[in-house]
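> Before anything else, here's the structure in question.
The values are calculated or read from the model by the stated rules, or taken from the named source; none is laboratory data. As the structure is a prediction and not an experimental result, all values here were calculated from the model. Methodologically, a virtual Cβ is constructed for each residue, glycine included, from the backbone with ideal geometry; neighbour enumeration extends over all protein chains shown. For accessibility, only protein heavy atoms count, side chains too; no ligands or nucleic acids. Shrake-Rupley method; radii C 1.70, N 1.55, O 1.52, S 1.80 Å.
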Amino acid sequence: WSVPYPRSLCDFPEFNLRLYVTQEGQRGVIFVRELAPNPLVCGLAKLLYNEPYSAVPITSRVTRVGDLRRVRHDFTMEGKAQMVAVSARGAAVLPPEDSFETWVKEQPMGFNRSRSGGAGTGFRVWHPSWRTYPIETYDMAIDFAHLYGDRWKFLQGRTPDSVVLAEGSQIAIYPNETRK
């Protein structure tokens, strides 16, 4: 059955650092930390999935002029301002199945940690394939050590391996379930 949730519980910006992993032959992601603006969403994700969510106010701006699309997310965590922005020009397209963009955005599983810190259970993730926009520029002011701890400081000032702007959609999560 389906429960209609308020839009604020289903449609919100999220900023995360994730690792792409394979567990027992299944491809997926594990999150280092996830930031979202809604404390209720963050609390439920921690309670139900033991996901490392933190609630922070996030200001998002999306502007469109002709075929130019600009997206910017700003947030402050523990007094330190952070920002990521991207501009894309052109229509959204479905990237080829064997492309890096598809591999990054189409991860079938999420893995979490157990409450004791060991390997947790997996959850299957489903969403329609997301179209992506051709990237024109990007900018970011992220203090990785501040957000994620000193072990992530090496990311500071590093050029990203990829920048992807995807349409996104609603997703379905199937807890304690392996990929079928």
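> For Lys46 and Gln107 in the same chain, what is the full-extension length gain: residue separation times 0.36 nm, less their Cα-Cα distance, in nm?
19.9 nm
> Which of rounded, prolate or oblate describes the range 58-142 when judged by the alpha-carbon gyration tensor and an a/c cut-off of 1.5?
Since a/c reaches 1.5 but b/c is at least a/b, the shape of the range 58-142 is classed as oblate.
> So what's the back-of-envelope 222 nm ellipticity for the chain, counting only DSSP H runs of four-plus at -39500 (n - 2.57) apiece and dividing by all residues, rounded to 500?
Theoretical 222 nm ellipticity from helices: -3500 deg cm²/dmol.
> With label points built 7 Å along Cα→Cβ from the Cα atoms of Asp74 and Arg151, find their separation and express it in nm.
3.3 nm
> Continuing with the same structure: Hey, rough spin-label estimate for Phe100 and Val163, points 7 angstrom out along Cα→Cβ, what's it come to in nanometres?
1.4 nm
> Continuing with the same structure: Counting Lys +1, Arg +1, Asp -1, Glu -1, what net charge surrounds Trp152 among other residues with beta carbon under 11 Å of its beta carbon?
+2
> What FRET efficiency would be calculated for the residue pair Arg64, Thr22, taking the C-beta separation as r and a Förster radius of 35 Å, to the nearest 0.05?
0.40
> In whole percent, how big is the carbon plus sulfur part of the accessible area of the range 26-97, probe 1.4 Å, protein atoms only?
That share works out to 59 percent.
> In the neighborhood of Gly66, defined by Cβ-to-Cβ distances under 14 Å, what is the net charge if each Lys or Arg adds +1 and each Asp or Glu adds -1?
+2
> Looking at the chain from every direction and averaging, what is the projected area of its Cα convex hull in nm²?
Average projection, Cα convex hull of the chain: 11.7 nm².
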